[in-house]
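Student: First the structure, then my questions, so here it is.
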Amino acid sequence: MARNVVFSGIQPTGGIHIGNYFGAIKQWVTGQDDAENIFCLVDMHALTVPQDPAALRAQILETATVLLAAGIDPAKSRLFVQSDVREHGELTWYLSCVGSMGQLNRMTQFKEKSESQKGEVRVGLFTYPLLMAADILLYKTTHVPVGEDQKQHIELTRDLAQRFNATYGEVFVLPEPAIPKAGARIMGLDDPTVKMSKSAPGSYHAVRVLDSPDQIKKTVMSAQTDSGRDIRVDPARPGVTNLLAIYCAATGATPEEAEAHFASARGYGDLKKELVEILVETLRPLRERNAELSADPSTVRDILRRSAEAITPIARETVDAAKRAMGVGSG
Ligand code: ATP
Ligand code: LTN
(Lines give C-alpha, C1' and ligand atoms only; values in the text may rest on other atoms or scores of the structure.)
(Ligands and ions follow the chains in the order given, each with its own letter.)
Protein backbone atom coordinates (compact mmCIF):
# COMPACT_ATOMS: atom_id res chain seq x y z
CA MET A 1 0.00 0.00 0.00
CA ALA A 2 1.24 3.51 -0.84
CA ARG A 3 2.43 5.39 2.25
CA ASN A 4 0.65 8.49 3.45
CA VAL A 5 2.38 11.77 2.76
CA VAL A 6 2.16 14.29 5.61
CA PHE A 7 2.87 17.94 4.83
CA SER A 8 2.53 20.98 7.06
CA GLY A 9 3.90 24.48 7.36
CA ILE A 10 4.63 27.15 9.93
CA GLN A 11 5.43 30.82 9.46
CA PRO A 12 8.89 31.77 10.74
CA THR A 13 7.47 34.84 12.43
CA GLY A 14 9.03 34.30 15.87
CA GLY A 15 7.92 33.16 19.30
CA ILE A 16 6.36 29.72 18.74
CA HIS A 17 3.62 29.29 21.36
CA ILE A 18 1.69 26.44 22.96
CA GLY A 19 -1.13 26.88 20.39
CA ASN A 20 1.34 26.08 17.59
CA TYR A 21 2.78 23.27 19.69
CA PHE A 22 -0.44 21.50 20.75
CA GLY A 23 -2.37 22.39 17.59
CA ALA A 24 0.26 21.32 15.08
CA ILE A 25 3.87 20.50 16.04
CA LYS A 26 3.07 17.76 18.58
CA GLN A 27 1.16 15.85 15.86
CA TRP A 28 4.05 16.27 13.43
CA VAL A 29 6.46 14.73 15.94
CA THR A 30 4.31 11.81 17.09
CA GLY A 31 3.26 10.81 13.56
CA GLN A 32 6.76 10.65 12.10
CA ASP A 33 7.00 6.84 11.93
CA ASP A 34 3.72 6.39 10.09
CA ALA A 35 4.24 8.36 6.86
CA GLU A 36 6.57 10.30 4.58
CA ASN A 37 6.86 13.65 6.36
CA ILE A 38 7.60 17.07 4.93
CA PHE A 39 7.62 20.19 7.11
CA CYS A 40 8.05 23.65 5.71
CA LEU A 41 9.09 27.03 7.08
CA VAL A 42 6.79 29.19 4.99
CA ASP A 43 8.92 32.32 4.62
CA MET A 44 7.05 33.44 1.47
CA HIS A 45 3.80 33.42 3.48
CA ALA A 46 5.49 35.56 6.15
CA LEU A 47 6.04 38.29 3.52
CA THR A 48 2.28 38.84 3.18
CA VAL A 49 2.59 41.32 6.06
CA PRO A 50 5.54 43.70 6.64
CA GLN A 51 8.72 42.02 7.94
CA ASP A 52 12.18 43.29 8.76
CA PRO A 53 14.62 41.34 6.51
CA ALA A 54 17.29 40.81 9.19
CA ALA A 55 14.70 39.67 11.74
CA LEU A 56 13.04 37.33 9.24
CA ARG A 57 16.41 35.79 8.31
CA ALA A 58 17.16 35.14 12.00
CA GLN A 59 13.68 33.77 12.68
CA ILE A 60 13.92 31.20 9.88
CA LEU A 61 16.90 29.59 11.59
CA GLU A 62 15.39 30.00 15.07
CA THR A 63 12.12 28.37 14.04
CA ALA A 64 13.95 25.48 12.37
CA THR A 65 15.96 24.98 15.56
CA VAL A 66 12.82 24.91 17.72
CA LEU A 67 11.19 22.33 15.45
CA LEU A 68 14.24 20.07 15.66
CA ALA A 69 14.33 20.61 19.44
CA ALA A 70 10.65 19.63 19.61
CA GLY A 71 11.55 16.28 18.07
CA ILE A 72 11.38 16.62 14.29
CA ASP A 73 13.91 13.97 13.31
CA PRO A 74 15.87 14.63 10.09
CA ALA A 75 16.23 10.87 9.62
CA LYS A 76 12.45 10.54 9.35
CA SER A 77 11.25 13.94 8.10
CA ARG A 78 12.26 16.62 5.66
CA LEU A 79 12.44 20.13 7.12
CA PHE A 80 13.00 22.89 4.56
CA VAL A 81 12.48 26.55 3.72
CA GLN A 82 9.68 27.29 1.24
CA SER A 83 11.56 29.88 -0.86
CA ASP A 84 14.44 27.39 -1.37
CA VAL A 85 12.17 25.35 -3.66
CA ARG A 86 11.16 27.55 -6.61
CA GLU A 87 8.28 25.31 -7.62
CA HIS A 88 6.13 26.73 -4.77
CA GLY A 89 5.90 30.10 -6.48
CA GLU A 90 5.58 28.52 -9.90
CA LEU A 91 2.61 26.29 -9.06
CA THR A 92 0.91 29.19 -7.26
CA TRP A 93 0.62 30.99 -10.61
CA TYR A 94 -1.06 28.03 -12.30
CA LEU A 95 -3.46 27.63 -9.36
CA SER A 96 -4.29 31.34 -9.56
CA CYS A 97 -5.58 30.61 -13.07
CA VAL A 98 -7.88 27.89 -11.69
CA GLY A 99 -9.24 29.47 -8.49
CA SER A 100 -11.71 32.35 -8.46
CA MET A 101 -11.87 35.70 -6.66
CA GLY A 102 -15.13 34.54 -5.05
CA GLN A 103 -13.41 31.52 -3.48
CA LEU A 104 -10.66 33.68 -1.98
CA ASN A 105 -13.17 36.29 -0.80
CA ARG A 106 -14.77 33.69 1.46
CA MET A 107 -11.56 33.06 3.46
CA THR A 108 -12.08 34.19 7.05
CA GLN A 109 -8.34 34.46 7.82
CA PHE A 110 -7.99 37.09 5.07
CA LYS A 111 -10.87 39.08 6.50
CA GLU A 112 -9.35 39.01 10.00
CA LYS A 113 -5.75 39.68 8.94
CA SER A 114 -6.58 42.41 6.44
CA GLU A 115 -8.58 44.27 9.09
CA SER A 116 -5.59 44.26 11.43
CA GLN A 117 -3.28 45.76 8.73
CA LYS A 118 -2.75 49.45 9.07
CA GLY A 119 -2.41 51.13 5.71
CA GLU A 120 -2.23 48.94 2.62
CA VAL A 121 -3.32 45.33 2.37
CA ARG A 122 -0.89 43.42 0.15
CA VAL A 123 -2.08 41.36 -2.81
CA GLY A 124 -0.15 38.41 -1.36
CA LEU A 125 -2.34 38.41 1.75
CA PHE A 126 -5.35 37.85 -0.50
CA THR A 127 -3.69 35.13 -2.61
CA TYR A 128 -2.05 33.51 0.45
CA PRO A 129 -4.31 30.41 0.26
CA LEU A 130 -3.17 29.70 -3.33
CA LEU A 131 0.45 29.51 -2.18
CA MET A 132 -0.62 27.26 0.68
CA ALA A 133 -2.50 25.02 -1.78
CA ALA A 134 0.64 24.84 -3.95
CA ASP A 135 2.71 23.83 -0.87
CA ILE A 136 0.38 20.95 -0.20
CA LEU A 137 -0.33 19.77 -3.75
CA LEU A 138 3.32 19.77 -4.91
CA TYR A 139 4.15 16.72 -2.79
CA LYS A 140 1.00 14.63 -3.41
CA THR A 141 0.13 15.16 0.24
CA THR A 142 -2.52 12.91 1.77
CA HIS A 143 -2.68 14.45 5.29
CA VAL A 144 -2.17 17.98 6.60
CA PRO A 145 -1.83 18.22 10.42
CA VAL A 146 -2.89 21.76 11.43
CA GLY A 147 -4.87 23.69 14.01
CA GLU A 148 -8.57 24.42 13.51
CA ASP A 149 -7.92 27.86 11.95
CA GLN A 150 -6.43 26.28 8.81
CA LYS A 151 -9.34 23.95 8.02
CA GLN A 152 -10.94 26.37 5.56
CA HIS A 153 -7.66 26.71 3.64
CA ILE A 154 -7.39 22.94 3.26
CA GLU A 155 -10.97 22.75 2.01
CA LEU A 156 -10.04 25.38 -0.58
CA THR A 157 -6.98 23.30 -1.54
CA ARG A 158 -9.25 20.29 -2.13
CA ASP A 159 -11.63 22.43 -4.22
CA LEU A 160 -8.77 23.73 -6.36
CA ALA A 161 -7.35 20.22 -6.87
CA GLN A 162 -10.79 18.89 -7.80
CA ARG A 163 -11.43 21.76 -10.21
CA PHE A 164 -8.03 21.30 -11.85
CA ASN A 165 -8.42 17.51 -12.17
CA ALA A 166 -11.94 17.85 -13.61
CA THR A 167 -10.78 20.43 -16.19
CA TYR A 168 -7.34 19.13 -17.18
CA GLY A 169 -7.16 15.49 -16.04
CA GLU A 170 -5.92 13.83 -12.86
CA VAL A 171 -2.76 15.55 -11.66
CA PHE A 172 -3.36 16.33 -7.99
CA VAL A 173 -4.03 14.17 -4.92
CA LEU A 174 -6.83 15.46 -2.64
CA PRO A 175 -5.47 16.07 0.89
CA GLU A 176 -7.31 15.56 4.20
CA PRO A 177 -6.93 17.90 7.19
CA ALA A 178 -5.70 16.21 10.39
CA ILE A 179 -6.92 18.30 13.32
CA PRO A 180 -6.16 17.16 16.89
CA LYS A 181 -8.98 16.37 19.36
CA ALA A 182 -7.43 18.57 22.05
CA GLY A 183 -5.54 21.82 21.52
CA ALA A 184 -6.81 22.58 18.01
CA ARG A 185 -7.72 26.14 19.01
CA ILE A 186 -5.94 27.59 22.04
CA MET A 187 -7.10 31.09 22.90
CA GLY A 188 -5.10 34.09 24.16
CA LEU A 189 -4.40 34.02 27.90
CA ASP A 190 -4.90 37.78 28.19
CA ASP A 191 -8.09 37.59 26.10
CA PRO A 192 -9.76 34.19 25.73
CA THR A 193 -12.02 35.45 22.94
CA VAL A 194 -9.14 35.70 20.41
CA LYS A 195 -6.95 32.90 19.03
CA MET A 196 -3.49 32.70 20.57
CA SER A 197 -1.20 34.08 17.88
CA LYS A 198 2.53 34.67 17.39
CA SER A 199 2.00 38.18 16.17
CA ALA A 200 -0.39 39.38 18.90
CA PRO A 201 1.07 42.07 21.16
CA GLY A 202 1.17 41.81 24.95
CA SER A 203 3.67 39.90 27.06
CA TYR A 204 0.94 37.85 28.80
CA HIS A 205 -0.89 36.84 25.62
CA ALA A 206 0.87 33.53 25.00
CA VAL A 207 3.07 30.93 26.64
CA ARG A 208 6.00 30.60 24.24
CA VAL A 209 7.65 27.19 24.06
CA LEU A 210 11.04 28.72 24.96
CA ASP A 211 9.73 30.75 27.93
CA SER A 212 11.56 30.29 31.24
CA PRO A 213 9.65 28.58 34.10
CA ASP A 214 9.32 31.98 35.72
CA GLN A 215 7.81 33.55 32.58
CA ILE A 216 5.40 30.62 32.19
CA LYS A 217 4.30 31.10 35.79
CA LYS A 218 3.71 34.84 35.34
CA THR A 219 1.70 34.37 32.14
CA VAL A 220 -0.49 31.51 33.38
CA MET A 221 -1.13 33.04 36.82
CA SER A 222 -2.22 36.29 35.17
CA ALA A 223 -4.55 34.54 32.68
CA GLN A 224 -7.90 36.22 32.40
CA THR A 225 -10.75 34.32 34.08
CA ASP A 226 -14.19 35.38 35.32
CA SER A 227 -15.26 35.75 38.94
CA GLY A 228 -16.74 32.23 39.32
CA ARG A 229 -15.08 29.24 41.06
CA ASP A 230 -16.37 26.12 39.30
CA ILE A 231 -13.82 24.49 37.05
CA ARG A 232 -16.04 23.40 34.17
CA VAL A 233 -16.05 23.62 30.38
CA ASP A 234 -18.61 26.33 29.67
CA PRO A 235 -18.80 28.50 26.53
CA ALA A 236 -20.08 31.35 28.69
CA ARG A 237 -16.75 31.26 30.61
CA PRO A 238 -14.07 31.24 27.91
CA GLY A 239 -11.13 31.88 30.29
CA VAL A 240 -11.48 28.76 32.42
CA THR A 241 -12.57 26.75 29.36
CA ASN A 242 -9.31 27.70 27.63
CA LEU A 243 -7.21 26.71 30.66
CA LEU A 244 -8.97 23.33 30.71
CA ALA A 245 -8.33 22.93 26.98
CA ILE A 246 -4.61 23.52 27.57
CA TYR A 247 -4.67 21.03 30.47
CA CYS A 248 -6.33 18.41 28.22
CA ALA A 249 -3.88 19.03 25.36
CA ALA A 250 -0.88 18.68 27.68
CA THR A 251 -2.05 15.64 29.67
CA GLY A 252 -4.21 13.72 27.19
CA ALA A 253 -7.19 13.92 29.60
CA THR A 254 -10.71 14.25 28.18
CA PRO A 255 -12.73 17.34 29.24
CA GLU A 256 -14.81 15.10 31.55
CA GLU A 257 -11.67 13.69 33.18
CA ALA A 258 -10.27 17.20 33.60
CA GLU A 259 -13.48 18.42 35.28
CA ALA A 260 -13.49 15.39 37.60
CA HIS A 261 -9.82 16.00 38.44
CA PHE A 262 -10.54 19.58 39.52
CA ALA A 263 -13.93 18.87 41.17
CA SER A 264 -12.52 19.41 44.65
CA ALA A 265 -10.25 22.34 43.77
CA ARG A 266 -10.76 25.52 45.76
CA GLY A 267 -10.83 27.86 42.80
CA TYR A 268 -9.10 28.88 39.60
CA GLY A 269 -5.80 29.39 41.45
CA ASP A 270 -5.45 25.60 41.92
CA LEU A 271 -6.01 24.97 38.22
CA LYS A 272 -3.49 27.66 37.26
CA LYS A 273 -0.80 26.35 39.65
CA GLU A 274 -1.12 22.83 38.34
CA LEU A 275 -1.07 24.05 34.76
CA VAL A 276 2.18 25.96 35.42
CA GLU A 277 3.87 22.76 36.67
CA ILE A 278 2.60 20.71 33.74
CA LEU A 279 3.68 23.25 31.12
CA VAL A 280 7.11 23.76 32.70
CA GLU A 281 7.74 19.99 32.66
CA THR A 282 6.25 19.45 29.18
CA LEU A 283 8.41 22.18 27.66
CA ARG A 284 11.63 21.59 29.66
CA PRO A 285 13.19 19.01 27.26
CA LEU A 286 12.39 21.21 24.26
CA ARG A 287 14.03 24.26 25.87
CA GLU A 288 17.15 22.29 26.86
CA ARG A 289 17.56 20.69 23.45
CA ASN A 290 17.03 24.08 21.80
CA ALA A 291 19.91 25.54 23.80
CA GLU A 292 22.22 22.74 22.55
CA LEU A 293 21.12 23.02 18.91
CA SER A 294 21.37 26.82 18.84
CA ALA A 295 25.08 26.46 19.49
CA ASP A 296 25.43 24.67 16.14
CA PRO A 297 23.61 26.68 13.45
CA SER A 298 25.60 25.16 10.59
CA THR A 299 24.10 21.71 11.32
CA VAL A 300 20.61 23.22 11.20
CA ARG A 301 21.38 25.00 7.90
CA ASP A 302 22.70 21.72 6.46
CA ILE A 303 19.47 19.93 7.35
CA LEU A 304 17.42 22.65 5.65
CA ARG A 305 19.58 22.60 2.51
CA ARG A 306 19.67 18.80 2.18
CA SER A 307 15.90 18.52 2.71
CA ALA A 308 15.21 21.08 -0.03
CA GLU A 309 17.50 19.21 -2.42
CA ALA A 310 15.86 15.88 -1.65
CA ILE A 311 12.29 17.04 -2.27
CA THR A 312 12.82 19.34 -5.27
CA PRO A 313 12.49 16.50 -7.82
CA ILE A 314 9.03 15.61 -6.45
CA ALA A 315 7.92 19.23 -6.73
CA ARG A 316 9.39 19.54 -10.26
CA GLU A 317 7.56 16.44 -11.45
CA THR A 318 4.22 17.79 -10.18
CA VAL A 319 4.66 21.21 -11.81
CA ASP A 320 5.71 19.58 -15.10
CA ALA A 321 2.62 17.36 -15.01
CA ALA A 322 0.40 20.40 -14.31
CA LYS A 323 2.01 22.36 -17.16
CA ARG A 324 1.58 19.48 -19.61
CA ALA A 325 -2.06 19.09 -18.59
CA MET A 326 -2.72 22.84 -19.08
CA GLY A 327 -1.00 22.95 -22.44
CA VAL A 328 1.79 25.43 -21.59
CA GLY A 329 5.55 25.16 -22.25
CA SER A 330 7.52 24.27 -25.36
CA GLY A 331 6.70 20.58 -24.87
P1 ATP B 1 0.80 34.44 13.10
O2 ATP B 1 0.25 35.13 14.30
O3 ATP B 1 2.24 34.84 12.79
O4 ATP B 1 -0.10 34.44 11.92
P5 ATP B 1 0.14 31.82 14.16
O6 ATP B 1 0.41 31.80 15.62
O7 ATP B 1 -1.28 31.85 13.70
O8 ATP B 1 1.03 32.94 13.49
P9 ATP B 1 1.13 29.93 12.13
O10 ATP B 1 2.57 29.89 11.78
O11 ATP B 1 0.23 30.64 11.19
O12 ATP B 1 0.90 30.52 13.58
O13 ATP B 1 0.59 28.45 12.33
C14 ATP B 1 1.36 27.27 12.51
C15 ATP B 1 0.44 26.15 12.95
O16 ATP B 1 -0.04 26.39 14.27
C17 ATP B 1 -0.82 25.98 12.07
O18 ATP B 1 -1.07 24.60 11.88
C19 ATP B 1 -1.93 26.60 12.90
O20 ATP B 1 -3.19 26.03 12.63
C21 ATP B 1 -1.47 26.27 14.31
N22 ATP B 1 -1.98 27.24 15.28
C23 ATP B 1 -1.74 28.58 15.27
N24 ATP B 1 -2.35 29.17 16.31
C25 ATP B 1 -3.00 28.18 17.00
C26 ATP B 1 -3.80 28.18 18.19
N27 ATP B 1 -4.04 29.28 18.85
N28 ATP B 1 -4.30 26.99 18.61
C29 ATP B 1 -4.03 25.86 17.93
N30 ATP B 1 -3.29 25.79 16.80
C31 ATP B 1 -2.76 26.94 16.34
N1 LTN C 1 -1.26 28.93 6.43
C2 LTN C 1 -0.63 28.25 7.52
C3 LTN C 1 0.81 27.93 7.28
C4 LTN C 1 0.98 27.09 6.07
C5 LTN C 1 0.62 25.72 5.93
C6 LTN C 1 0.96 25.37 4.58
C7 LTN C 1 0.04 24.77 6.76
C8 LTN C 1 1.49 27.50 4.88
N9 LTN C 1 1.50 26.45 4.00
C10 LTN C 1 0.73 24.10 4.09
C11 LTN C 1 -0.19 23.49 6.25
C12 LTN C 1 0.15 23.16 4.92
C13 LTN C 1 -0.81 29.12 8.75
O14 LTN C 1 -0.99 30.29 8.66
N15 LTN C 1 -0.78 28.54 9.88
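Student: Which residue out of Glu62, Glu115 is of a type outside the set (Gly, Ala, Ser), more than 19 Å from the chain's Cα centre (by Cα) and not in a strand (DSSP E or B)?
Tutor: Values: Glu62 fails: more than 19 Å from the chain's Cα centre (by Cα).
Only one candidate passes the filter, namely Glu115.
Student: Being surrounded by 18 or more Cβ atoms within 10 Å (Cβ to Cβ) and among the small types (Gly, Ala, Ser) is the filter here, so list the residues in segment 113-146 that pass it.
Tutor: Matches in segment 113-146: Ala133, Ala134.
Student: Between Leu91, Leu130, which is without any contact (Cβ under 8 Å) to a residue 60 or more places away in the chain and either closer than 23 Å to Thr30 by Cβ or within 14 Å of ligand 2 (Cβ to nearest atom) (or both)? Break it down into steps so the answer makes sense when it comes.
Tutor: On the way: Leu91 fails: without any contact (Cβ under 8 Å) to a residue 60 or more places away in the chain.
Only one candidate qualifies: Leu130.
Student: Only one of (1) free of Cβ contacts under 8 Å to residues at least 60 places away in the same chain; (2) under 17 Å from Glu281 (Cα atoms) is not met by Asp211, so which one is it?
Tutor: Condition not satisfied by Asp211: (1).
Student: Are there any pairs with C-beta distances below 8 angstrom linking a residue in segment 165-194 that is among the charged types (D, E, K, R) to a residue that is assigned to a helix (DSSP H, G or I) and surrounded by fewer than 20 Cβ atoms within 10 Å (Cβ to Cβ), with the two at least 6 apart or on different chains, and if so which?
Tutor: As it stands, the answer is Arg185/Glu148; Arg185/Asp149, since those pairs meet every condition given.
Student: Among (1) away from ligand 2 (no atom under 15 Å from the Cβ); (2) more than 23 Å from Ser298 (Cβ to Cβ), which single condition is Arg57 missing?
Tutor: So Arg57 meets the others, but not (2).
Student: Select, from Ile216, Ile231, the only residue that is under 25 Å from Gly252 (Cβ atoms) and not in a loop (DSSP other than H, G, I, E, B).
Tutor: Details: Ile231 fails: not in a loop (DSSP other than H, G, I, E, B).
Of Ile216, Ile231, the one residue that is under 25 Å from Gly252 (Cβ atoms) and not in a loop (DSSP other than H, G, I, E, B) is Ile216.
Student: Now for a different question. Specify the residue that is nearest to ligand 2 (Cβ to nearest atom); the eligible residues are those in segment 154-212 that are within 30 Å of Gly102 (Cβ to Cβ) and among the aromatic types (Phe, Trp, Tyr).
Tutor: The qualifying residue nearest to ligand 2 (Cβ to nearest atom) is Phe172.
Student: Check Gly202 against each of (1) at pLDDT below 95; (2) assigned to a helix (DSSP H, G or I) and name the one condition it does not meet.
Tutor: The number of the failed condition is (2).
Student: Oh, and also: Could you please find all residues in segment 287-321 being of a type outside the set (Val, Ile, Thr) and under 30 Å from Asp214 (Cα atoms)?
Tutor: Taking segment 287-321 as the starting set, the residues that turn out to be of a type outside the set (Val, Ile, Thr) are 287-298, 301-302, 304-310, 313, 315-317, 320-321.
Passing the criteria: Arg287, Glu288, Arg289, Asn290, Ala291, Glu292, Leu293, Ser294, Ala295, Asp296, Pro297.
This table checks each residue for (1) within 12 Å of ligand 1 (Cβ to nearest atom); (2) among the β-branched types (Val, Ile, Thr); (3) more than 22 Å from Asp84 (Cβ to Cβ).
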{"position": "Gly15", "(1), (2), (3)": "yes, no, yes"}
{"position": "Gly19", "(1), (2), (3)": "yes, no, yes"}
{"position": "Asp33", "(1), (2), (3)": "no, no, yes"}
{"position": "Leu61", "(1), (2), (3)": "no, no, no"}
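Student: For segment 98-126, what are the residues that are in contact with a helix residue (DSSP H, G or I) (Cβ under 9 Å, 6 or more places away or on another chain), among the β-branched types (Val, Ile, Thr) and modelled with pLDDT of 95 or more?
Tutor: Within segment 98-126, just Val98 meets the criteria.
Student: Something else about it: Is it true that Val42 is touching a residue at least 40 places away in the same chain (Cβ under 8 Å) and out of contact with any strand residue (DSSP E or B) (no Cβ under 8 Å at 6 or more places or on another chain)? Before the answer, list the steps.
Tutor: Working: touching a residue at least 40 places away in the same chain (Cβ under 8 Å): yes; out of contact with any strand residue (DSSP E or B) (no Cβ under 8 Å at 6 or more places or on another chain): no.
No: the conditions fail for Val42.
Student: Still on this structure, please answer the following. Look through segment 1-13, keep the residues that are closer than 17 Å to Arg78 by Cβ and among the aliphatic types (A, V, I, L, M), and return whichever of them is farthest from ligand 1 (Cβ to nearest atom). If you could, list the steps in order and put the result at the bottom.
Tutor: Filtering segment 1-13 down to residues closer than 17 Å to Arg78 by Cβ leaves 3-10, 12.
Filter once more, so that each one left must be among the aliphatic types (A, V, I, L, M): 5-6, 10.
Values: Val5: 17, Val6: 12, Ile10: 4 Å.
Here the residue is Val5.
The values are calculated or read from the model by the stated rules, or taken from the named source; none is laboratory data. From a predicted model like this one, the values you see are computed outputs, not experimental measurements. Every residue, glycine as well, gets a Cβ built from its backbone with ideal geometry; the counts of neighbours run over all protein chains shown.
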